Structures are given as structure tokens and as C-alpha cells.
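**Q** Would you mind keeping the following structure in view while I ask a few things?
The values are calculated or read from the model by the stated rules, or taken from the named source; none is laboratory data. Being a predicted model, the structure only gives us computed values, none of them experimental. Quick reminder, even Gly has a Cβ in these numbers, built from the backbone with ideal geometry, and neighbours come from all protein chains shown.
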Amino acid sequence: MDTTQYLDVFIDESNEHIEALYQKLLELEKNPNEKAIIEDIFRSAHTLKGMSATMGYNDLATLTHTLENVFDAIRYDRVHVQSEMIDLLVETVDHLNTMVEDIASGGNGSLNISDVAKQLEMLEKRQLNVVADSTSEQEKGFINTSSTFTDIDEFELSILNESHERGFQNYEITVQLREDCLLKGARVFMVFEVLEHLGEVIKSVPSVSNLEEENFDYTFSVILVSNQNSKEITEKIKKVSEIDSVQINPFSVTNYRVSKESKSAVKENVDNPINKEGPKTKEQQEHSKNQHKTIRVNIEKLDVLMNLFEELIIDRGRLEQISSDLKNADLQESVERMTRVSSDLQNIILTMRMVPIDQVFSRFPRMVRKLARDLNKEVDIEIIGANTELDRTVIDEIGDPIVHLLRNAIDHGIETPEERMQKGKPEKGTIKLKAYHSGNHVFIEIEDDGAGINKEKVLSKALANDLLTERESEALTEQQIFELIMESGFSTADKISDISGRGVGLDVVKNTIESLGGSISIDSELEKGSIFSVQLPLTLTIISVLLVELNKEKYAIPLSSIIETAIVSREQIFSAHHKKVIDFRGKVVPIVNLKDVFGIPNTNVDEEYTSIVIVKKGEKMAALVVDSFIGQQEVVLKSLGSYLSNIFAISGATILGDGQVALIIDSNAIIK
């Protein structure tokens, strides 16, 4: 069978399952007895194994099968989860990830897995021996291997396991009919009728069809799930005539593995027969029906769709201008309808390109865990705002810079437990990884409660490296001093480690972020910790803006940054620290004249009233002074090109409906 057409889907789904394995293993370390987590891990491993085998990637299928065996043992309490096991299990998933990455890059996914597979098998066998030595089968409620039932499938095992967790009893019942019984099928039917009143029959040997056709001698066995005791069950069965004997024993699923034949017939997402909650509601059925209705779309197709839609937006603006000039009622009505429809279409296209930043963040907890163990440190990572959405193209690029910042925080930010105790800090350090929207940007903050940055040490190192003069150093703000560590090759470390060097490589981080149209800033307090703040554009090329005028020239301010517009009188403007400010709802907000920012001649110095636009960046605000407001409009954000990429406070330009070009103001840069 040619499977190449399914390769992209296989890679995408494999990555999803591997990510799920990583995440659930970290959860399992914190909650080793949580059955739901164990079931999720087993299910992901089982699905990945089946996909790999189907696609012909044998090494991947073999290793996943070995991992599945371990969790099969954990599910049924033959192996107990210990923290020492997690390292091996995470290492196994690392191998799986390596193989999938090899397949994605055109390889065949081959890898020498003998060592890790052997360790997994030893883990499984060693734990089984421990359990067998410490507890007898009778004490554990096991049945012996001579049980009638030898081909329990995975679905039946899951039912029996769950019934035990819910407090039900699993019984194996063997019924011997008298040899003079004439209607064996009728007697079996009567026994089953009794059993149905006592609980739920899961399986029978011989099969139900053979029992109905009387294709058996005089003995048959069933597995029954019930909340009744064995004595009561035996007495009720014996009330059926022509029964010679009834044997009833506890039935344990612990000694059973899924048969190869039954694996192919496993049903997923089937209602549990012992579920007493009743049938699904109409809403639940509808949700179940719709939850898998998704398709995968190549990002390049979305790029083409976005470019076509941008042209449509420009033409829509032109039509709006024409209809406004002609004042034709029919034309205006058609244009208004087109505007509504295109706005809905725009929202859908933009939403299709946006993905939660959790796709990047989800891999960091395991990295932090491993790195902290390697450095003999104790570190917790707290993730805030993982559901913040960002354009897919940016998501693909920001992973490596954030990884480097986290490694820096762990290696040179967080102290050892001993050092932290001497400073009166908790032994375990904390790193907060936070994402949030602000205006037309996403901010990602990496905050640690470690040693902070020694600005005197940074300055002395910068002077020694001739990065600046004594006079220049005196004029630097505290934040500018901290940002010196992002100069190429700069380091304050006495010993550069192979993990990271605070400063070594940060220039690469800075360059990568700036190449995405973003920026990075640093704030730190000695012995308290540091905050690295990364600002990234959403890269939404279609944005809503407020058009304003400065000396007859049009500028656009993104609506997402604007809190309010206002006209203030001269009496409402005050001076504080040699700067003009206004009182905005009890807060002191600095005034920024955009004409001063862009070098435009200011002819309105003595005006009685001033038009302002109040913008925000996080908790900070500023009041931008403009000549007048034109109105709200949706525009297409166009890049100014490489020659004009470094213009302060300008993020791009747009073509308006009348053909004029308006520059788009980056209010975040002005506030900063």
C-alpha cells in the first residue's frame, strides 16, 4: 500500500501524540496514582504504535510498543510509578521525537533503540518480580492462569478495570448443567436472565451464539460485573432447575494481555455497559458527532488566501470612497453589504492562521525539569496565558529564542538550593513564563526570582571591552545598562558553561526577535530576579485603525492600542518633572506630541483645545497629540521594506481608498 499521501498527516498527528506524552509524563510525576493520566498515556502510545506500524516505520513502532507494554503493566497495577522511572520514560519519548523528526526531514526513522528498549523491558520485568515476590496472587485477588477466559480484548479489559475502580466486583462464574438436561439452551437463557438482574455479563465461554445453538457440553462460564456478593449470586443461579453445580471466583484482569486478534477489533469511545448515567443527551450526541470534523490546511494556501483578501480590502476601501462621493443609494447599500460580508470573511481567515502559543510553551516544562536536574537545582516553571493566540508564522520562529532565555534563567539566574537558603529564599526557584496581548502585539515575559543582574559588573565589563566610554556610561539608564548584555560576545560570567552564558548568545536572541519585527527589553533587581520581555507583532496584515491628521498628512493608529479619544483644554494640561501630563481618570498620563516625534513643523502651539488619543502598552499609557480625527477604517498593513525598516514608531504603511498612503504609528514604541 502506498502511504506517501498520508505522510504529512502522520507527521502532524505523531507530533501531537508525542507532545501529549511529554505533558502527561510530567503530570504523572506529580500524580503517580492518577488513573486518568495513565490511560491517556497508554492511549497515545497505542495510537502512535498503530500509525507507525501502518506507515512501515518499524523502529518507531517497536519502541512505542515497548513503552505501551510498560504502561499496560502500570494500568493494571503490576508496576507502580516511581519518580526514578520518569527520566527513562521521558528519554524514551525523546527517542520517539528524534525518529519522527528524521521522518519529517525525509529519513526512514531508523534509530538504535536496543538500549532504551532493553531498559524498558527490564523495568517492566523487575517491577513484576517485585510485585510477585511481595504479594501472593491470592492476596492480590488474582485468579490462576487456568482460567477459562484467555482471549480478553482491550475493550473488555477497560470495562472490567473501570468497574473495579467504581466499586463493582468482577466474577468468573462456571455453571455445570445436569447430564440429563433436555433443553440446554433454555436453561442457559434462564441463567442469563438471572445474571442480567444481578449485574452485567461481559463475556461468555462458549460464545452466546454457541450457547443458543446448544453447541457445548454441559458446562459454560461467564464474566459478571455486579455489586452483589458471591453467596447471593450462587443462591439465585441455583434456583434454576437442572443445574448440577455453580462455581464463582473473583476475576482479576491483572494477568491478562490484549490478544493480537482482538486488538484490531477494539472500539474507541464506546459507552461503558456498566455506566449507570443513562443515554447521552441530544447536545452530547451533537458534540460527539462534530468534534472530529477538522481538516489540515497547508500554511502556504492560507498565505495565498490572505494576499488575495488584502487586495479585496483595498478595492473595498476604494468602493466605499466612490459610493460616498456619488451618494448613490443603491451603490451605498451594496457596498455596505459587501463590507459586512468581507468583515466576517476577514475574521475567519485571521482566526484560521492563529494558534495558541501553548504549542511552543508546552515543551518547556520538561526542558526546565531536565536542565534543573543536570545543574542540581530545584526549579518550578509557572506558565500564564498559554491560550494567547499568535500567527502561525511567528509561532514557528519564537521557540528557539525563548528556549535560550529560559536556559539563561536556570543556569545563571536561579541559584543553587544552598545559596538560596543562605539568602533567605525558598530552596526551589521559580520561573514565570507569561504571554498576553497588548495592542497589535503579543508580549512574552520570562521572569525568574534568582540573583538578578549586577549592573556594576556589566558596566565594568562593557568598559573593559571598549563597548562605551566613561562619559557615555554615565548617561545610561538602568535598563540600557542591562541591555548591554545583549551585545555580541558580551558575558559577565566568571566561567562560561556549555548550558548558556548570560550574554553569550543573547545577541542572537535579540537579532532573531528583531528580524520578526519584535523587540526585547530587560528589567532586573539584584538578588530579587530578572524579567526579559519580548514584544512580537501579531503579523495580522489587516487591522482596524483610527485615521488622524497631522499637518494635512494622514496617519493610522491601531484601534487595539487605543483606550479613548478626547479633546482637552489648555487648563487640563499640567507639568510634572518638566513634562506635560494630563489627569486621566485619576491617573497621570504623559503627553506626547506626534509632530515632535516625527519632526513635523508644529503650527498649533497656541491652540485653546488639543485633540488627544490615549493609548496603552500593558499598564503604561500615553496621550498622543494630533490635529484632528478622521475616523475608523480597516486597512491592509504593508511593510516599508528593508531600507525603511528602522524608522522609529512606524510599523508600516497602508493604501487608503482614495489612493493616498498613510503611515501606521507604533504606539508601543512611543510608550517605551
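**Q** Grab the helices (runs of 4 or more DSSP H) fully contained in region 410-476, keeping just those with 2 or more residues being touching a residue at least 12 places away in the same chain (Cβ under 8 Å) and buried (at least 16 other Cβ atoms within 10 Å of the Cβ).
**A** Working: elements: 417-422, 455-464, 470-474.
Hits in region 410-476: 455-464.
**Q** Tell me which of these Ile630 doesn't satisfy, since it passes every other one: (1) farther than 30 Å from Ser343 by Cα; (2) surrounded by fewer than 19 Cβ atoms within 10 Å (Cβ to Cβ); (3) β-branched (Val, Ile, Thr).
**A** (1)
**Q** Taking helices (runs of 4 or more DSSP H) that do not extend beyond region 319-375, which have at least 1 residues that are within 27 Å of Leu637 (Cβ to Cβ) and among the basic types (Lys, Arg)? Let's see the steps before the verdict.
**A** Values: elements: 329-353, 358-361, 364-374.
Result: 329-353.
Yes or no, residue by residue, for (1) surrounded by fewer than 17 Cβ atoms within 10 Å (Cβ to Cβ); (2) in contact with a His (Cβ under 7 Å, 6 or more places away or on another chain); (3) in the same structural domain as Glu415 (by TED's automatic domain parsing):
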| site | (1), (2), (3) |
| --- | --- |
| Lys327 | yes, no, no |
| Gln332 | yes, no, no |
| Thr339 | yes, no, no |
| Gln346 | no, no, no |
| Asn376 | yes, no, yes |
| Leu390 | no, no, yes |
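**Q** Still on this model: When you go through (1) assigned to a strand (DSSP E or B); (2) of a type outside the set (Gly, Ala, Ser); (3) surrounded by 21 or more Cβ atoms within 10 Å (Cβ to Cβ) one by one for Val188, which number turns out not to apply?
**A** (1)
**Q** Further question: Here are some conditions: (1) loosely packed, with under 15 Cβ neighbours inside 10 Å; (2) outside any helix (DSSP H, G or I); (3) touching a helix residue (DSSP H, G or I) at 6+ places or on another chain (Cβ under 6 Å). Ile383 meets all but one. Which one does it not meet?
**A** Here Ile383 meets the rest and fails (1).
**Q** Here is a further query. Within region 638-648, is even one residue of a type outside the set (Val, Ile, Thr), closer than 20 Å to Pro537 by Cβ, in a strand (DSSP E or B) and not assigned by TED's automatic domain parsing to the domain that holds Ser323? Outline the logic, then answer.
**A** First, pick out the residues of region 638-648 that are of a type outside the set (Val, Ile, Thr): 638-646, 648.
Add one more test, that the residue is closer than 20 Å to Pro537 by Cβ, and what stays is 638-646, 648.
Retained after the next criterion (residues that are in a strand (DSSP E or B)): 638.
With not assigned by TED's automatic domain parsing to the domain that holds Ser323 added as a condition, the list becomes 638.
Yes, because at least one residue in region 638-648 is of a type outside the set (Val, Ile, Thr), closer than 20 Å to Pro537 by Cβ, in a strand (DSSP E or B) and not assigned by TED's automatic domain parsing to the domain that holds Ser323.
**Q** Any chance region 481-488 includes a residue that's assigned to a loop (DSSP other than H, G, I, E, B), modelled with pLDDT under 80, over 29 Å from the mean Cα position of the chain (by Cα) and farther than 17 Å from Asp411 by Cβ? Walk me through how you get there before you give the answer.
**A** Just the residues of region 481-488 that are assigned to a loop (DSSP other than H, G, I, E, B), to begin with: 487-488.
From what is left, the residues that are modelled with pLDDT under 80 are 487-488.
After this cut, where a residue has to be over 29 Å from the mean Cα position of the chain (by Cα) as well, the list is 487-488.
If we keep only those that are farther than 17 Å from Asp411 by Cβ as well, we get 487-488.
Taking every residue of region 481-488 in turn, at least one turns out to be assigned to a loop (DSSP other than H, G, I, E, B), modelled with pLDDT under 80, over 29 Å from the mean Cα position of the chain (by Cα) and farther than 17 Å from Asp411 by Cβ.
**Q** Does region 592-603 hold any residues that are farther than 15 Å from Ile665 by Cβ and either buried (at least 17 other Cβ atoms within 10 Å of the Cβ) or in contact (Cβ under 8 Å) with a residue 40 or more places away in the chain (or both), and which are they? It would help to see each step written out before you state the result.
**A** So the first thing to find is which residues in region 592-603 are farther than 15 Å from Ile665 by Cβ, and the list is 601-603.
Within region 592-603, Pro601, Thr603 meet the criteria.
**Q** Where in region 538-604 are there strands (runs of 3 or more DSSP E), lying fully within it, with 2 or more residues that are at pLDDT below 85 and touching a Pro at 6+ places or on another chain (Cβ under 9 Å)?
**A** Result: 542-550.
**Q** Sticking with this one: Quick check on my filter: what residues within region 90-112 are under 22 Å from Leu28 (Cβ atoms), free of Cβ contacts under 8 Å to residues at least 60 places away in the same chain and of a type in the set (S, T, N, Q)?
**A** The answer is Thr92, Thr98.
**Q** Additional query: Take Asp391 and decide whether it is in contact with a Leu (Cβ under 8 Å, 6 or more places away or on another chain) and touching a residue at least 40 places away in the same chain (Cβ under 8 Å).
**A** On the way: in contact with a Leu (Cβ under 8 Å, 6 or more places away or on another chain): yes; touching a residue at least 40 places away in the same chain (Cβ under 8 Å): yes.
When the stated conditions are applied, Asp391 passes them.
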